[in-house]
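The values are calculated or read from the model by the stated rules, or taken from the named source; none is laboratory data. Since the model is a prediction, treat every value here as computed from it, not as a measurement. Neighbour counts are summed over all protein chains in view; Cβ atoms, including those assigned to glycine, are modelled from backbone coordinates with ideal geometry. The area values use the complete protein model at the heavy-atom level, side chains included, leaving out ligands, DNA and RNA. Shrake-Rupley method; radii C 1.70, N 1.55, O 1.52, S 1.80 Å.
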Amino acid sequence: MNTTNRTLVLMRHAKAVGFAPSDRERDLEPSGRRDAAAAGAWLHANDIHPGMALVSTALRTTTTWQEVSRSLDDDVHLEPSSALYAAEPDSALDLVRATPADVDTLLVIGHNPTMGVLAQLLDDGEGDPEAMVGMLTGFPTCSLAVFDVSGDWTGVGEGTLRLTHFHVSRAD
């Protein structure tokens, strides 16, 4: 079992349409689709290869995943999560802690404010200074916060992860 060199990627879904019959049914804007595809290309270019994707079941997050996944390996285990849709940061953290031990890299695609707040809570403050400044300025749509995880998923907690990258994906 690998307890080092784990990676956690927290991602906010790409830009969604403003209205739909329900909030869960909001799809992505065309620009959001392009941004999500660019996020997948960025992950691939930075050698970040998720073994599992934990994705909220809202349409905008599942569509974000579909676009991101085009640039990723075919063997990523998709874990749709209805709990992630309305999760507060502590509940989302519980979902991260429940990640199987054989997963080295986890991608979580969810919603704000949960993703942005969780990223700030997990950050140990010792990571890449430029990434830290970027993350502190906000967590816009299609943002990705990448953390080194030293230890098991069960030990992930407040101030325990090192921020290595913060990227806001834009295709244009």
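Observations on the model:
- Antiparallel DSSP beta bridges within the range 48-172, as percent of all bridges there, nearest 5: 40 percent
- Kirkwood Rh in Å, taken over the range 27-106 so that all alpha-carbon pairs contribute: 13.2 Å
- Expected 222 nm ellipticity per residue - DSSP helices of 4 or more, -39500 (n - 2.57), all of the chain, to 500: -9500 deg cm²/dmol
- Full-extension gain in nm, residue 22 to residue 102, via 0.36 nm per residue minus C-alpha separation: 25.2 nm
- Shape category assigned to the range 1-60 from the gyration tensor of Cα positions, a/c cut at 1.5: oblate
- Site pair residue 112 and residue 31 shows an inter-label distance of 1.4 nm when each label is modelled 7 Å from Cα along Cα→Cβ.
- Near residue 78, the amide H atoms lying under 5 Å from its own belong to 53; only residues 5 or more places off or on other chains count, and H is placed 1.01 Å from N.
- Heavy-atom accessible area per residue - the range 91-131, 1.4 Å, Å²: 42 Å²
- The chain, accessible surface, carbon-and-sulfur percent (1.4 angstrom probe): 49 percent
- Hz values of 3J(HN,Hα) by residue in the range 165-172 - Karplus curve (6.51, -1.76, 1.60), Gly and Pro given as x: 9, 9, 9, 10, 7, 9, 7, 9
- Under the Debye formula (equal points on every Cα, no solvent term), log10 I(q)/I(0) of the chain at q = 0.18 Å⁻¹: -1.12
- Label-point separation in nm, residue 45 to residue 136, each point 7 Å along Cα→Cβ: 2.7 nm
- Estimated FRET transfer efficiency (residue 57, residue 124; beta-carbon r; R0 22 Å; 0.05): 0.10
- Positive-end residue, the chain charge dipole about Cα centroid, Cβ charges, pick of 136, 21, 169: 21
- Sparse-neighbour loop sites [GluC sites (Glu not before Pro); the range 82-172; at most 16 other C-beta within 10 Å; DSSP]: 126, 158
- Derived scalar couplings between HN and Hα for the range 105-119 equal 10, 10, 10, 10, 10, x, 10, 9, x, 4, 5, x, 5, 4, 4 Hz in order, rounded to whole Hz, by the Karplus curve 6.51 cos²θ - 1.76 cosθ + 1.60 (θ = phi - 60°), x for Gly and Pro.
- Proximity of backbone amide H atoms, modeled 1.01 Å from N, is registered between residue 14 and 64, 142 at under 5 Å, excluding neighbours fewer than 5 places apart on the same chain.
- 3J(HN,Hα) couplings calculated from phi for the range 70-87 with the Karplus curve 6.51 cos²θ - 1.76 cosθ + 1.60 (θ = phi - 60°) are, in sequence order, 4, 9, 9, 4, 6, 9, 6, 7, 8, 10, x, 9, 5, 5, 5, 4, 10, 5 Hz; Gly and Pro show x.
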